[in-house]
Every structure is written in structure tokens, then in C-alpha cells.
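Asker: The structure under discussion is supplied below as C-alpha cells; questions concerning it will follow.
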Amino acid sequence: PIGECVSSSATMTLTLFESPTVNAGTDVAICLGSTATLSGTFGATATSASWSSSGSGTFSSASSLTAIYTPSQADITAGSITLTLTTNDPAGPCGAVSDAMILTINQPATVNAGLDQQVCVNGSPTTLAGSITGGSTSGAWATSGTGTFGNPTVLNTSYTPSAADITSGSVTLTLTSADPIGECVSSSATMTLTLFESPTVNAG
């Protein structure tokens, strides 16, 4: 300062607050009919956290980091939803923080091998009528016998019984879907083909 005055000082205190952290975990895919077990974490100044959903399903406990989420019908129709984990608001200037993950709900395959059939074996193949819908639209046929399919990977194919099939009197035909996308597994359905040997006649 000018003249006889000396320097002066003043102080201020800077108080530091660590921001809370949160992690909702990796995205998860489940099959229709299943529940999702979550795996969230939080840290630093956060002391608790809770889950919320963009859908309308239910949590076993929204305040549990490892809550189980049960999708609603609306969630299933949507196909995927966002689950968000949010910390509490800690003391000080740092606010609550959030993190989100995506829950995808995959559709299983629905398989129908058709109605059981009773056929008279006369050398002609039997026509099959299978269907596969949902998470897969393709599949393959298999037999408990030794006959042959026109094409085992075609849903509406044909089956020609073997001599051993005819002797046994029936065979079980199984239609199995291809492995659906995601967490769902292959599905199967069966039908029974009952075989009647055609009568023979000779008038001499």
C-alpha cells in the first residue's frame, strides 16, 4: 500500500464434496415368462439407491441393488424397457446421479406339429402340416421310426413310412424349432402317425 500502511490478508475455506457414483449394470435380455435379476452398484457419498422403470412391471424391492424385475404385459408388448438406478441426494452441493440399462424381452418359439393322423399305407407319402411362430419361424422334423421326409426342414412336408414303421403300427413325428434369438431355447411338438396296412386281394 501507499505510505506507511502494510499488506493485509483474508481467508476463505473451500469445502470439497465427492460426487456420488452409480452403475445400473449391463443390458440384460430374458425370455418371455422369465424375470430379470438386476445387479447395480453405488459409491462415494451415496448411501442408498433405488430402481425405477420406463415400463409398468414390478420390482421385488426397488431399494435393493439385486432386485428382481417382473415385466408387465405392456413391457412384453413393447419388447424392451429402460431400468434406471438413482442414488439418494447426499449432503452438500452434489446432487443425486442416475444410470440406466436396457431390459429386452425375447419371444419364444411356438411349435405345432399338427393333429395326429391315421393313414392307410398304400405307397403314397403322408402330408404333414406343421407351424412355427414367435421367436423362430423355421425348424426341422424327426421321426421315432425309420421312414423318410420329403424335406425335413420344410414345415409342410411329407413322410413316407418304412417297412419297420408299418410293422410297428405307428410312429411319433417331432417338429423342433430353430434356436430363437436371445435367451429363449428351442421348442418342440409331436404328432402320432398311426399306420394301417392296405388290404390286398387276388381274384385268381
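The values are calculated or read from the model by the stated rules, or taken from the named source; none is laboratory data. Computed from a predicted model, the values in this text were never measured in an experiment. So basically every Cβ, Gly included, is an ideal-geometry build from the backbone, and we count neighbours across all protein chains shown.
Asker: Could you give me the residue pairs with C-beta distances under 8 Å whose first residue belongs to region 14-41 and is assigned to a strand (DSSP E or B), whose second residue is at pLDDT below 95 and acidic (D, E) wherever it lies, and which are 6+ apart or on separate chains?
Answerer: These pairs meet every condition: A29/E183; I30/E183; C31/E183.
Asker: Which one of these does I68 not meet: (1) under 30 Å from L16 (Cβ atoms); (2) of a type in the set (A, V, I, L, M); (3) within 22 Å of the chain's Cα centre (by Cα)?
Answerer: Of the numbered conditions (1) under 30 Å from L16 (Cβ atoms); (2) of a type in the set (A, V, I, L, M); (3) within 22 Å of the chain's Cα centre (by Cα), the odd one out for I68 is (1).
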